[in-house]
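I have placed the structure first, in the form of structure tokens, so that the comments after it can refer back to it.
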Amino acid sequence: MKFEIIKKSKENRARFGIIKTPHGEIKTPAFIPVATKATVKALDPRDLKEIGAQVLLANTYHLYLRPGEKLIKKFNGLHKFMNWNGPMFTDSGGFQVFSLGFGIEHQVSKIGNIFPDEADQKKIREQNLEKFAKIDEDGVTFKSPIDGKIDRLTPEKSIQIQEDLAADIILAFDECTSPLHDYKYTKKAMERTHAWAERCIKAWSRKSVLYGIVQGGFFEDLRYESCRFISSLDFPGIALGGSLGKSKKDMHQIIDWCIPNLPEEKPVHLLGIGGIDDLFECVERGIDTFDCVAPTRLARAGYLFISPEQGGNRKNKFRNSIKNSSNRTSKEPIDKNCDCYTCKNYSRAYLRHLFVNNELLYFRLASLHNLRFVLRLMERIREAIEEDRFIDLKRDWIG
């Protein structure tokens, strides 16, 4: 992999660059659609290419459980298995085992709430929910949600699985922490992540590019320490992971702590974040790539992205609920400014009809729109950085 910085913003840390991989280039900043089980739900690779997807991220944990990395290896990796010829990331499985453990206990998840509300924290702590994963110094023991069997992931096993999946870019196995973890536990988890990072490097064959992961929760000194340690190792790229605080304001602060303490020449990935406002706020702070399930998950739930010209704003999270009665007879597209196939050919009334009748076509059309909306916005963000007008574009969208 080679990362080339083409243009830096004069006003902030935003930058336009290119990550070169064996399966093609990734122009950054880039949003990465998530193909959890070797598929972006409701869409095929031809759809993804047509809407401008440059790169996908697949889920190591889920593919390990089913169909198994050994089967995928027989196809020479994910690219052949799923017929995707572009760049590919895989995550380490760390967040999924967190979800089975402290994610359950603290009720923190990408599906539910990654930023727990202060008012809910006492109630969460009072509950005694069964965890399905236990962490020790060597790795994680977990109960499979498929058949209930006990299984185990270690740094070495995570790297082996990812190398069998043969993604272009893979991630080190880490311990993800919760916003409700205290300083003592967060420090312990960070140190464990650092030890695991060294083990990942030893297990790494260098057939793929390996990113290290910075941990430390919402503790400034721990984030500084983790940035220094991960930067000192031989990782070609770096990801920011773990707890990103109890609010988006906390997340912004964490990025501000980390970016100045990471090597400028290495790409930085932000794990699991991808709201419309997040794209602007985090690009401004120096993030190069994002992955998030939100666009397709929201589409399936009936929430479709709209631009500021169509009434999208931070308050409504740039979303129009297709269930709204105002859409029942509307001849308008979801967004007049969108160039996706759905907006060019279908009305809100028709999409609402499909949704309320649970027709499968809705899921494809809605997913096409939401992903194209985000990918086109990233194209505009890259152009704005290159032309020194990123701040103007951000102001037009989120103020």
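The values are calculated or read from the model by the stated rules, or taken from the named source; none is laboratory data. The structure presented is a predicted model; accordingly, all values stated were derived computationally and were not measured. Neighbour counts are summed over all protein chains in view; Cβ atoms, including those assigned to glycine, are modelled from backbone coordinates with ideal geometry.
Checked against the criterion of being closer than 20 Å to Leu153 by Cα, in the same structural domain as Glu264 (by TED's automatic domain parsing) and among the basic types (Lys, Arg), the candidates Arg199, Arg223, Arg228 yield just one match: Arg199.
The set of residues in segment 192-216 being closer than 17 Å to Cys258 by Cα and either surrounded by fewer than 24 Cβ atoms within 10 Å (Cβ to Cβ) or at pLDDT below 95 (or both) consists of His194 alone. Among the residues of segment 208-221, none qualifies, meaning not one is within 30 Å of Arg389 (Cβ to Cβ) and touching a Ser or Thr at 6+ places or on another chain (Cβ under 7 Å). Flag set for Ile5, criterion: more than 29 Å from Trp196 (Cβ to Cβ) and not small (Gly, Ala, Ser). Counted as qualifying within segment 1-60 are the strands (runs of 3 or more DSSP E) with 3 or more residues that are surrounded by fewer than 18 Cβ atoms within 10 Å (Cβ to Cβ) and among the basic types (Lys, Arg), namely 2-8.
With respect to the conditions (1) under 19 Å from Leu222 (Cβ atoms); (2) outside the structural domain of Thr28 (by TED's automatic domain parsing), Pro295 lacks only one, and its number is (1). Remark: Gly94 matches the filter, which requires a residue to be at pLDDT below 95 and either surrounded by 19 or more Cβ atoms within 10 Å (Cβ to Cβ) or under 26 Å from Ala299 (Cα atoms) (or both). Of the residues contained in segment 223-230, one or more are found to be aliphatic (A, V, I, L, M) and touching a strand residue (DSSP E or B) at 6+ places or on another chain (Cβ under 6 Å). Residues that are within 28 Å of the chain's Cα centre (by Cα) and not in a loop (DSSP other than H, G, I, E, B) within segment 306-335 comprise Pro308, Glu309, Gln310, Arg319, Asn320, Ser321, listed in sequence order.
When the residues of segment 171-198 are filtered to those that are in contact (Cβ under 8 Å) with a residue 60 or more places away in the chain and among the polar types (S, T, N, Q), the one that is farthest from Ser247 (Cα to Cα) is Thr177. Do we find that Pro267 is assigned by TED's automatic domain parsing to the domain that holds Thr28 and surrounded by fewer than 20 Cβ atoms within 10 Å (Cβ to Cβ) in this structure? It is false that Pro267 is assigned by TED's automatic domain parsing to the domain that holds Thr28 and surrounded by fewer than 20 Cβ atoms within 10 Å (Cβ to Cβ).
Scanning segment 341-364 turns up no residue that is touching a residue at least 60 places away in the same chain (Cβ under 8 Å), within 26 Å of Leu171 (Cα to Cα) and not assigned by TED's automatic domain parsing to the domain that holds Phe16.
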